[in-house]
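Please read the structure below before turning to the comments.
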């Protein structure tokens, strides 16, 4: 009989006294599948600690992303402030896009809401 260590990690014999013929005859009865947690060696741990850890990671990531957005917005504002022509075109393009969005939204009124 092969030892437990020579078997694949996902199959472990339930009965050590079974013969190879018995293991072949009914493998579903003699072997059980390990769960993914057992294979990975994962334990459940403290739920509250996991919640605080996940919250801390989320806060750190969001603060980093927000800081990058603020820095990018500041550098873009400085670029546009130093070039008045860019500021004029930026206002025109933004106004045109907002007007297009307003027209699209006005056209999407459901049929039963029309007067």
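If R0 is taken as 35 Å, the Cβ-Cβ distance between residue 65 and residue 105 corresponds to a FRET efficiency of 0.75.
Quick check on segment 67-110: what does the Kirkwood estimate of hydrodynamic radius come out to from the alpha carbon pairs, in Å? Working shown, then result.
Details: mean 1/r = 0.0808 Å⁻¹.
Hydrodynamic radius (Kirkwood, Cα pairs) of segment 67-110 is 12.4 Å.
Extension gain for residue 77 to residue 92 (0.36 nm times residue separation, less C-alpha to C-alpha distance): 3.8 nm.
Readers should treat all values here as calculations from the given coordinates under stated rules, not as data from a laboratory. In this text the structure is predicted, and so the values were computed from the model without any measurement. Counting neighbours? That spans all protein chains shown, and the Cβs are built from the backbone with ideal geometry, glycine included.
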